[in-house]
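I have placed the structure first, in the form of structure tokens, so that the comments after it can refer back to it.
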Amino acid sequence: MPKIEIDGIEVECRDGITVLQAALEAGWSVPHYCYHPGLSVVASCRLCLMEMQMPSPKGGGMEWSSKLVPSCQVPVKNGLVVRFASDQVKRNQRRVMEFLLLNHPLDCPVCDQAGECLLQDYSYEFGDPTSRMRDEKHKSPKKDIGPRTLLYSDRCVLCTRCVRFTREITGTHDLCVTHRGSENEIDVFPGKALDNPLQGNVVDLCPVGALLDKDFLFKQRVWFLKRTKSICPGCSTGCAVSVDSNEGVVYRLKPRYNPGVNDWWMCDEGRFGWKYMHDANRITAPVIRRGGVTGTPPWDSVPEIVDARLRAVIEAHGPDKVAVVLSPMMACEEAWLLVRFLRSVASEATLVLGPVPIQGQLQMFPVGSTGDAVRFTIRREKCPNRRGVETIIAETGGPTLSFEVFCEQATAGAFAAAWIVGGYPEPWVTKDFAKAVGQLEFVVAQDLFPNEVTEVATLVLPACGFAQREGSFMNFGGRIQPFDRAIAPPDGAKGDGQYLYELAGFTGLYSGRAVREMMAQEIHLFSMVKEAPPMPVHQH
Amino acid sequence: MAWPTIDRQSPVTDSDAPPLLSDEVKAKIRSFFERYETRRAALLPALHVVQESLGYISWRAMDEVATVLDIPASEVFDVVTFYTHYWTKPRGKKTIVVCRSITCELMGAGVLLEAFKRHLGVGEGETTPDGAYSLATEECLAQCDHAPCVLINEKKHGRVKPDDVPALLADPDNDKLEVPRSDLYDPVLGEDATTRPRGGERKG
């Protein structure tokens, strides 16, 4: 571990990083636009310049270099002495900020980026309060560069993070820098729009308000948004994300740095895949059917109803006539609580893993890369927790069946009661499954949307979207990643975890962490939870 | 104030139209490939060939060059607009470029440019109605010792005075080079590539 000296303070840093990265990690506030740890270094914005000690040309020891050096381009080396706290460095920062703002429209009041804009932050921290520009500002055009993204060229600082992203991470080369010098603009080739599956990341990468998400455009001021740590349920990769919400409504998803899983990125499928949570057709209250009469039971009575009905079935048909179809959309904690409850009532209950949605092809980026060159993967398995639920089924032991065999046996009359968990954003009930469910005497359906199963179920319980729940998902590689609740369940509904917690015989509020601790007593694996590291002070 | 958005989603090239680049032009571009390690490296000479053939480099031409070189069209767009030598709109048979760098400026390039404008009746970046001349300026023509200098197509003219303009315009050979052009841009087609000196070969 090399030791360097920044502003007279010794800093121990990781091998192979640059001085800028070391300074940021050690808590220095160094302005930078073009530098991003996930992209190549171009050292073009000139904001992170520092003073560095170099061997004196006159010989005899070290002296401060007369020129400033980009800290993003200098690798750390034992004994390196640099400083940011000097007049020369601060003067440079002020002047560069002034240049960058020469033609900036200063339209923060109508700009989506305001509040999370590095032009605002750096102007405040490093810039001058006034501009000396007297000439008319050059106004670059606004461009519709893709189905989901707008480019306001006049706000652009030409850091080229977006261009490098499309060249190095997606390999699609959609964006380019056109013209020269003061006429530089970011652009796409007409008709070859920015439309790759990861394009949303260019909006996150943009340190200013130049690249904006059409979906989020003018929807919400960012300072009203509450940021919650979550895990994307879109596929089995399990990207760490932030759910940005306000007053119980989700407005956007942003990736969180999670090395080894999604790094700094996420795909558009996940980024825009949360809309179903605010769908008006969702089931929001429990429903009970008694002899052709449909009613809404109070939540308090649900455990009693389930318990009584299950016991009646067991008495009439035996304890092996009960099954539970778990969903790969469930959190590990929810699956564990449900299995625990059902096995406590029906010790011979059969555990079944519901259908695992597989869609499309494995998509690896940069396009055409393989092996170590792959920087991001979108997986075919469009659910977050197949492995977690499988682990719980395997570790619990006892009778289990595959989904197909369960359908066959249930159709043949092998079961009398079942608890069926859905929670898929897309329709999922197959004809065979609906037929199998039709044979059952008592069905509890826990789902997001009405379907063939909820139509016939004796008891329907509302399921919640991922942002309305908390728990953990085990991704494709077996990494257990916790996620927090961002927004409350819809009016009338209760969080899945909460009612399963109550059914399992616990009182009080459900907490993912507390349930995980209990699970870890039984299944040691669940003590090994891996959280994404916290965001650095200056977000990238 | 209305601030229209430029639509970049719709293609500006007509995909049904016949190809712009002739087979000959494409063959000429392909003959550059063996000089470089990558096809991308042949972009600059390829664009010169296209510009010579079509007069300027249109969107459609950029797209077709990208296909020939197997590189993204956005990168061709990037390069074409970076260099002032490439024209993205139609221009006249001959292009007059007046140097605007500091040496020429001090030696009277400003007055010279005005003389060209007066004689041609067009402004900077414009083409005469008969399509004979286009007028442009460029940063430095690397002829500071012959300032003020002018480039007509590829022929340089040094120490041009405003009074010389009518004679210069009247000379039909004002763009004829006395020396042959670099082999970089005019490869001899059909010749055995291995025997020809390789212009782009790396030294050492």
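For segment B:121-137, a residue qualifies if it is under 19 Å from B:K156 (Cα atoms) and buried (at least 17 other Cβ atoms within 10 Å of the Cβ), and the qualifying residues are B:Y133, B:S134, B:L135, B:A136, B:T137. Taken over segment B:35-57, the residue count meeting the criterion of being open to solvent by 20 Å² or more (accessible area, probe 1.4 Å) and within 23 Å of A:T172 (Cα to Cα) is 6. Residues in segment B:60-89 that are farther than 21 Å from A:R167 by Cα, open to solvent by 20 Å² or more (accessible area, probe 1.4 Å) and either in the same structural domain as B:A132 (by TED's automatic domain parsing) or out of contact with any Phe, Trp or Tyr (no Cβ under 7 Å at 6 or more places or on another chain) (or both): B:R60, B:Y83, B:T84, B:H85. Among the conditions (1) at pLDDT 95 or above; (2) open to solvent by 10 Å² or more (accessible area, probe 1.4 Å), the only one that A:K431 does not satisfy is (1). A count restricted to segment A:416-433 and to residues that are charged (D, E, K, R) and farther than 21 Å from A:W274 by Cα stands at 2.
Table: residues versus (1) of a type in the set (K, R); (2) modelled with pLDDT of 95 or more; (3) crowded, with 18+ Cβ neighbours inside 10 Å; (4) closer than 30 Å to A:S230 by Cα.
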site	(1), (2), (3), (4)
A:C383	no, yes, yes, yes
A:G388	no, yes, yes, yes
A:T391	no, yes, yes, yes
A:V405	no, yes, no, no
A:G438	no, no, no, no
A:L448	no, yes, yes, yes
A:F466	no, yes, yes, yes
A:E470	no, yes, yes, yes
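Among the residues of segment A:412-438, just one is free of Cβ contacts under 8 Å to residues at least 24 places away in the same chain and basic (K, R), namely A:K431.
Within segment B:68-84, the presence of at least one residue that is within 14 Å of another protein chain (Cβ to nearest Cβ) and within 30 Å of B:P162 (Cβ to Cβ) is confirmed.
Give just the number: which of (1) farther than 23 Å from A:E51 by Cα; (2) out of contact with any helix residue (DSSP H, G or I) (no Cβ under 7 Å at 6 or more places or on another chain); (3) more than 11 Å from chain B (Cβ to nearest Cβ) does A:G115 not satisfy? Condition (2) is where A:G115 drops out.
This table checks each residue for (1) in contact with a Gly (Cβ under 7 Å, 6 or more places away or on another chain); (2) among the acidic types (D, E); (3) assigned to a helix (DSSP H, G or I); (4) crowded, with 20+ Cβ neighbours inside 10 Å.
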{"residue": "A:K219", "(1), (2), (3), (4)": "no, no, no, no"}
{"residue": "A:W223", "(1), (2), (3), (4)": "yes, no, yes, no"}
{"residue": "A:S230", "(1), (2), (3), (4)": "no, no, no, yes"}
{"residue": "A:Y251", "(1), (2), (3), (4)": "no, no, no, no"}
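Among the residues of this structure, A:K77 counts as one that is of a type outside the set (A, V, I, L, M, F, W, C), exposed (fewer than 13 other Cβ atoms within 10 Å of the Cβ) and in a loop (DSSP other than H, G, I, E, B).
For A:P319, state whether it is over 30 Å from A:R164 (Cβ atoms), open to solvent by less than 60 Å² (accessible area, probe 1.4 Å), modelled with pLDDT under 95 and of a type outside the set (K, R).
Values: over 30 Å from A:R164 (Cβ atoms): yes; open to solvent by less than 60 Å² (accessible area, probe 1.4 Å): yes; modelled with pLDDT under 95: yes; of a type outside the set (K, R): yes.
Yes, satisfied.
Scoring A:Q481 on the criteria (1) under 21 Å from the mean Cα position of the chain (by Cα); (2) assigned to a loop (DSSP other than H, G, I, E, B) leaves a single failure, condition (2).
Among the residues of segment A:499-513, those that are part of a helix (DSSP H, G or I) and either within 23 Å of the chain's Cα centre (by Cα) or not assigned by TED's automatic domain parsing to the domain that holds A:V339 (or both) comprise A:G512, A:R513. A Cβ distance below 9 Å, combined with a sequence gap of six or more or placement on separate chains, defines the contacts here; from segment A:490-507, residues that are without any contact (Cβ under 8 Å) to a residue 40 or more places away in the chain and under 18 Å from A:R282 (Cα atoms) reach residues that are among the charged types (D, E, K, R) and open to solvent by 30 Å² or more (accessible area, probe 1.4 Å) in the pairs A:G495/A:E470; A:G495/A:R485.
For A:P489, the conditions (1) farther than 30 Å from A:E404 by Cα; (2) touching a helix residue (DSSP H, G or I) at 6+ places or on another chain (Cβ under 6 Å); (3) in a helix (DSSP H, G or I) are fulfilled apart from (3).
On the basis of being polar (S, T, N, Q), touching a helix residue (DSSP H, G or I) at 6+ places or on another chain (Cβ under 6 Å) and not assigned by TED's automatic domain parsing to the domain that holds A:G27, does A:S140 make the cut?
Numbers: polar (S, T, N, Q): yes; touching a helix residue (DSSP H, G or I) at 6+ places or on another chain (Cβ under 6 Å): yes; not assigned by TED's automatic domain parsing to the domain that holds A:G27: yes.
In short, yes.
Note on segment A:122-139: residues that are of a type in the set (D, E, K, R), open to solvent by 60 Å² or more (accessible area, probe 1.4 Å), touching a residue at least 12 places away in the same chain (Cβ under 8 Å) and more than 14 Å from chain B (Cβ to nearest Cβ) total 2.
In segment A:363-423, counting only strands (runs of 3 or more DSSP E) that sit wholly within it, the ones holding 2 or more residues that are assigned by TED's automatic domain parsing to the domain that holds A:L351 span A:417-421. Entry remark, segment A:22-50: residues being open to solvent by less than 10 Å² (accessible area, probe 1.4 Å) and not in a loop (DSSP other than H, G, I, E, B) number 3 in total.
Scanning segment A:97-107 for residues that are in a helix (DSSP H, G or I) and free of Cβ contacts under 8 Å to residues at least 24 places away in the same chain gives a single hit, A:F99.
Can you pull out the strands (runs of 3 or more DSSP E) entirely within segment A:140-211 that have at least 2 residues that are more than 7 Å from chain B (Cβ to nearest Cβ)? First the steps, then the outcome.
On the way: elements: A:142-144, A:149-152, A:175-178, A:185-188.
By residue number, A:149-152, A:185-188.
When A:G191, A:G181, A:G171 are checked against the criterion of being farther than 30 Å from A:D87 by Cβ, surrounded by fewer than 20 Cβ atoms within 10 Å (Cβ to Cβ) and over 30 Å from the mean Cα position of the chain (by Cα), a single residue qualifies: A:G191. When segment B:90-120 is filtered for residues that are surrounded by fewer than 14 Cβ atoms within 10 Å (Cβ to Cβ) and either in contact with a Ser or Thr (Cβ under 7 Å, 6 or more places away or on another chain) or closer than 27 Å to A:F189 by Cβ (or both), only B:P90 remains.
On the given criteria, is A:D87 charged (D, E, K, R) and open to solvent by less than 30 Å² (accessible area, probe 1.4 Å)?
Numbers: charged (D, E, K, R): yes; open to solvent by less than 30 Å² (accessible area, probe 1.4 Å): no.
Answer is no for this residue.
Restricting attention to segment A:108-139, the residues that are outside any helix (DSSP H, G or I) and of a type in the set (S, T, N, Q) total 3.
The values are calculated or read from the model by the stated rules, or taken from the named source; none is laboratory data. Owing to the predicted nature of the structure, the values given are computational and were not obtained by experimental measurement. When we count neighbours, we look across all protein chains shown, and the Cβ atoms used for this are built from the backbone with ideal geometry, even at glycine. Just so you know, the surface numbers come from the protein's heavy atoms only, side chains and all, with ligands and any DNA or RNA stripped out. Shrake-Rupley method; radii C 1.70, N 1.55, O 1.52, S 1.80 Å.
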